[in-house]
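What follows is calculated from the coordinates using simple rules that are stated; it is not laboratory data. For clarity, every value in this text was computed on a predicted model and none was experimentally measured. Cβ atoms come from the backbone with ideal geometry, glycine included; neighbour counts cover every protein chain shown.
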Amino acid sequence: MLSTLTTRRITLLTFALALFALGACGGRDGDGTPGDPSDPSQPSNPSTPGTPGTPGTPGTPDPTSPNPTQPPIAAGAVTISTDSLKYASPAQVKATLSNGRTDSVFLEGCTIYTVQRQENGAWTDAGPGNVCVWEGLAQEVQPGAALSDTLAVAKAGTYRIAARFGSGCTPGLPLSSAGCAKFEHAYSAPFSVGAAAPASGVVVRTDKLSYRVGEDATASIDNLTAASIYLQGCTKVTRQERVNGQWIDRGRLVACVWEGIAVEVASHATFVEPEVVRFTSAGTWRLALQYGVGCLPDAPLSGASCASYQHAESLPVTVTP
C-alpha cells in the first residue's frame, strides 16, 4: 500500500515538472525574451526597414527637396554636396565638403568654395564664397569629417561648387605655405537656380549685392504681409558682418539719443531707409531688421505693447576693398 502511494506521487511530480518545462520553453521567443502578447513592450507588427517611425517606407531622400538628407561620406574620396539640386533666385546654397579618405585634407582658411557657372558648355568661375584680404590659416578636415558653408547665388543658371584642397600639409599654416605634398580639386553635382519665387513676409533689400568699402548703399523694407508692421523710429536696420561662419552685429547706421516714435509700414507698402548704408571693411555683410506686429501707434517700438517682435535679414552682400 505504501509502495503504491509513493509510486503515484513520484509519477505526478514527474508529470508536473514536464509541463512546467514545456510551458517555459513555449513562452519565449527565439532570443530568449519573454513573449507575452499582453506585454506592451513586445511589437505586435514589426515594420520593415525604412524611414524611422514610418513602417515599410524606404528611407531615400528626395534630392530636389529644399533640405534633403546629407548623403553618406563616400569611402576613399573627397566630395562636395549641396542641400538641394534646385533653387529659386536669389539662392542661399549650403555646400558640404566630406572627407572619406584615411588622411586629413586642408582647405583655404578664408574661403572654402568657389561658385562656378556653366556657360556655353564650359565652367567659369563666378566668384569665391567670401572676399578675403588674407587667405588665413588652412582649415583641416580630418578623416570622416565634413565642413559646411553657405554661399549666395543671385542669378538664374546652372552652377556647381568647387574646392581646392591639399594633402600632406603642415597644420597651422596658410595653405600656400603649408608645404602640401599634393593639391587636388573637388566639385559638387550641378544644380539649377531658377526664376525668383514670389516674395512674401517682410523683405529687407539692398540696391545691389556687391559694394566697395565705404560706398553708399540704400536699404528698403517691403511689407508683404496682410497687416501693418512697426519699425524703430530712429534707425531701422543693423549691419552684420560674417566672421568665421557667424553673423556679428556691427552697429546701427547712426547713434540714436532716443529711439523715437515707431514708424508704421502698411500692408504691401515699402519703406526706404533715409540713412545711407556704408560697409566699413571688405568681407560678407547683411542688414538685419527687428520689427513689431500688432503694436500701439504713436509710441516708441519698445513701449508699443506689440503682440510680437520678429526679425528679417537681407541677402548677403560682397564688399571689396
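Maximal additional length on extending the GLN118-TRP134 stretch stands at 2.9 nm, based on 0.36 nm per residue less the C-alpha distance.
Under unit Cβ charges (Lys, Arg +1; Asp, Glu -1), what dipole magnitude, rounded to 20 debye, does the range 201-320 have relative to its Cα centre?
On the way: 10 positive and 12 negative charges, 78 e Å.
Here the range 201-320 has a charge dipole of around 380 debye.
Across all C-alpha atoms in the range 278-321, the radius of gyration and Dmax reach 15.2, 44 Å.
Quick one: order TYR87, TYR113, TYR230 by neighbouring beta-carbon count within 10 Å, fewest to most.
On the way: TYR87 20, TYR113 26, TYR230 23.
Ascending number of Cβ neighbours within 10 Å: TYR87, TYR230, TYR113.
Extension gain, TYR187 to LYS86: 0.36 nm times the residue separation minus the Cα-Cα distance gives 34.7 nm. Taking all Cα-Cα distances within the range 91-134, those exceeding 12 Å account for 73%.
The calculated FRET efficiency for LYS155 paired with VAL213, based on their beta-carbon distance and R0 = 35 Å, is about 0.90. Kirkwood radius for the range 201-320, taken over all pairs of different Cα atoms as the inverse mean of 1/r, rounds to 14.7 Å.
Placing pseudo-labels 7 Å out from each Cα toward the beta carbon at SER220 and LEU315 gives an inter-label distance of 1.3 nm. Can you pull out the chymotrypsin sites (Phe, Trp or Tyr not before Pro) in the range 121-220 whose DSSP state is coil and whose Cβ has at most 13 other Cβ atoms within 10 Å? Hits after loop and neighbour filter: TRP134. The modelled label-to-label distance for the pair ALA146/ASP125, using points 7 Å beyond Cα in the direction of Cβ, is 2.7 nm.
Can you give the alpha-carbon Rg of the range 78-194 over 2.2 N^0.38 Å, where N counts its residues? Don't jump to the answer; show the numbers that get you there.
Values: Rg = 14.3 Å, N = 117, 2.2 N^0.38 = 13.4 Å.
Its radius of gyration relative to the 2.2 N^0.38 Å reference: 1.06.
For THR102, put the label point 7 Å out on the Cα→Cβ axis and report which residues of the range 134-173 keep their amide N under 18 Å from it. It comes to 142-145, 167-169, nothing else.
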